[in-house]
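J.: My questions all concern the structure below.
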Amino acid sequence: MALGVPRTEAEARLREVEPLFAAGEEELVATVLSFGHVFIVDRVLDEHEEHIRDLLGTAVGARGGYPGGLLGWFRTGELTKIFLYFAKTRFRDGRGSPPDFWAAMTAAGELLASKDGLNQAEVRVGLERCRMQAAAVTGR
């Protein structure tokens, strides 16, 4: 509740892991609560940010998923971090759809680059990589 999570939501999150409390394993419970993102406060995004998040979600689907640790970044609205992480993606195993991934990433990068903010130089570098990868996979 100290993080701003409404009481009913905080209690619901704790009920999900309540069976572990009986085990007496405080460190295990703390780890589970942390990995379960119990302490994350979801950020409300504006329309521009929602569009970026949706494009990043499209990219994730075209990639074939993402590491579970990134769920927190999606929930807290760390859109630039997500973009920079995925801009380094390499397709090696034949999974996913590289053309769809790079198209969504390019669109997300363009929206991120259109607003002032921290990491703009890194965003531009990531955007350029996305454009090059998109061109390489589509032959344009």
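The values are calculated or read from the model by the stated rules, or taken from the named source; none is laboratory data. Note that the coordinates shown come from a computational prediction; the quantities given were computed from them, not determined experimentally. Cβ placement follows ideal geometry from the backbone for every residue including glycine, while neighbour counts extend to all protein chains displayed. Keep in mind that these areas ignore ligands, DNA and RNA; they rest on the heavy atoms of the full protein, side chains included. Shrake-Rupley method; radii C 1.70, N 1.55, O 1.52, S 1.80 Å.
J.: Restricting attention to the range 83-92, does a residue exist that is part of a helix (DSSP H, G or I) and open to solvent by 20 Å² or more (accessible area, probe 1.4 Å)? It would help to see each step written out before you state the result.
T.: Initial filter on the range 83-92 (part of a helix (DSSP H, G or I)): 83-86.
Then drop every residue that is not open to solvent by 20 Å² or more (accessible area, probe 1.4 Å), which leaves 84-85.
So far as the range 83-92 goes, yes, one or more of its residues are part of a helix (DSSP H, G or I) and open to solvent by 20 Å² or more (accessible area, probe 1.4 Å).
J.: Only residues that are closer than 25 Å to Arg140 by Cα, of a type outside the set (D, E, K, R) and open to solvent by 70 Å² or more (accessible area, probe 1.4 Å): list them for the range 102-120, please. Please lay out each step first, then the result.
T.: The first filter runs over the range 102-120 and keeps only residues closer than 25 Å to Arg140 by Cα, leaving 102-114.
Still in the running and of a type outside the set (D, E, K, R): 102-109, 111-114.
Ser114, the sole residue that qualifies.
J.: Now for a separate question. Here are some residues: Thr138, Thr76, Thr106. Which one is more than 29 Å from Ala12 (Cβ to Cβ), at pLDDT below 95 and not acidic (Asp, Glu)? Explain how you work it out, then say what you get.
T.: On the way: Thr76 fails: more than 29 Å from Ala12 (Cβ to Cβ); Thr106 fails: at pLDDT below 95.
Of Thr138, Thr76, Thr106, the one residue that is more than 29 Å from Ala12 (Cβ to Cβ), at pLDDT below 95 and not acidic (Asp, Glu) is Thr138.
J.: Also, quick follow-up: Looking only at the range 93-105, which residues are part of a helix (DSSP H, G or I) and either under 12 Å from Ile52 (Cβ atoms) or among the small types (Gly, Ala, Ser) (or both)? Outline the logic, then answer.
T.: Let us first name the residues in the range 93-105 that are part of a helix (DSSP H, G or I), namely 98-105.
Ala103, Ala104, Met105, listed by residue number.
J.: Checking the structure you have, find out if any residue of the range 94-104 is of a type in the set (D, E, K, R) and more than 26 Å from Gly4 (Cβ to Cβ).
T.: Yes.
J.: If you don't mind, there's one more thing I want to ask. With respect to Gly64, determine if the residue is at positive phi, modelled with pLDDT under 95, over 11 Å from the mean Cα position of the chain (by Cα) and open to solvent by 50 Å² or more (accessible area, probe 1.4 Å).
T.: Details: at positive phi: yes; modelled with pLDDT under 95: yes; over 11 Å from the mean Cα position of the chain (by Cα): yes; open to solvent by 50 Å² or more (accessible area, probe 1.4 Å): no.
Here the answer is no, as Gly64 does not meet what is asked.
J.: Give me the pairs: first residue in the range 40-51 and farther than 26 Å from Arg7 by Cβ, second residue loosely packed, with under 13 Cβ neighbours inside 10 Å and of a type in the set (Ser, Thr, Tyr), beta-carbon distance under 9 Å, and six or more apart or on different chains, which are they?
T.: Short answer, once both residue conditions are applied: His48/Ser114.
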